[in-house]
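Right, one structure below, let's go through it.
The values are calculated or read from the model by the stated rules, or taken from the named source; none is laboratory data. This is a predicted model, so every value here is computed, not measured. Every residue, glycine among them, receives a Cβ derived from its backbone with ideal geometry; neighbour counts consider all protein chains shown.
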Amino acid sequence: MSQKDEAEQELERTTMAIFIFRENSSLLHQPQDIGIIIDGVEVLNELPSVAAGVAMLFGLCYALNMKYPQGFRFTFEVIQKVIMELDVTQLSRKAQSLKIKLLQ
């Protein structure tokens, strides 16, 4: 079984992810594909960059009114409320603490 096949099987069991497929493991080579998985289904592919993938994943969560995955709740909150400055009036204590540290 190839690494790509193993990765695809793992992605099928994934709740939410940005994936990057490269021809080999070297970071010096351009990715063959960058995409998004939600509930084990590839919803977007051939994205231009990882940054675009993060923005699209955030947009999908926001547009589809999806709950953020438990392990990434604070990460998405910081992206939404600190970086993108959307709905900044209600920050969790962790996000508020990070925002204060970033502003120092």
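Here is a check on your reading of the model: is residue 73 basic (Lys, Arg) and modelled with pLDDT of 85 or more? Quick ask: steps written out before the conclusion?
On the way: basic (Lys, Arg): yes; modelled with pLDDT of 85 or more: no.
Spelling it out, it is not the case that residue 73 is basic (Lys, Arg) and modelled with pLDDT of 85 or more.
I need the full set of residues from region 61-80 which are buried (at least 17 other Cβ atoms within 10 Å of the Cβ) and at positive phi, in order please.
Across region 61-80, there are no qualifying residues.
Within region 3-57, how many residues turn out to be of a type in the set (Val, Ile, Thr), at pLDDT below 85 and not in a loop (DSSP other than H, G, I, E, B)?
Going through region 3-57 one residue at a time, the tally reaches 0.
Please specify each residue of region 81-99 satisfying the condition of being surrounded by 10 or more Cβ atoms within 10 Å (Cβ to Cβ), of a type outside the set (Asp, Glu) and either over 23 Å from residue 20 (Cβ atoms) or assigned by TED's automatic domain parsing to the domain that holds residue 37 (or both).
81, 82, 86, 88, 91, 92, 94, 95, 96, 97, 98, 99
Are any of the residues in region 41-60 in contact (Cβ under 8 Å) with a residue 24 or more places away in the chain, surrounded by fewer than 17 Cβ atoms within 10 Å (Cβ to Cβ) and among the aliphatic types (A, V, I, L, M)?
yes
Only one residue in 17, 7 is surrounded by 11 or more Cβ atoms within 10 Å (Cβ to Cβ) and under 12 Å from the mean Cα position of the chain (by Cα), so which one is that?
Going through 17, 7 in turn, just one is surrounded by 11 or more Cβ atoms within 10 Å (Cβ to Cβ) and under 12 Å from the mean Cα position of the chain (by Cα): 17.
What do you reckon, is residue 66 within 22 Å of residue 10 (Cα to Cα), modelled with pLDDT under 85 and among the aliphatic types (A, V, I, L, M)?
Working: within 22 Å of residue 10 (Cα to Cα): yes; modelled with pLDDT under 85: yes; among the aliphatic types (A, V, I, L, M): yes.
When the stated conditions are applied, residue 66 passes them.
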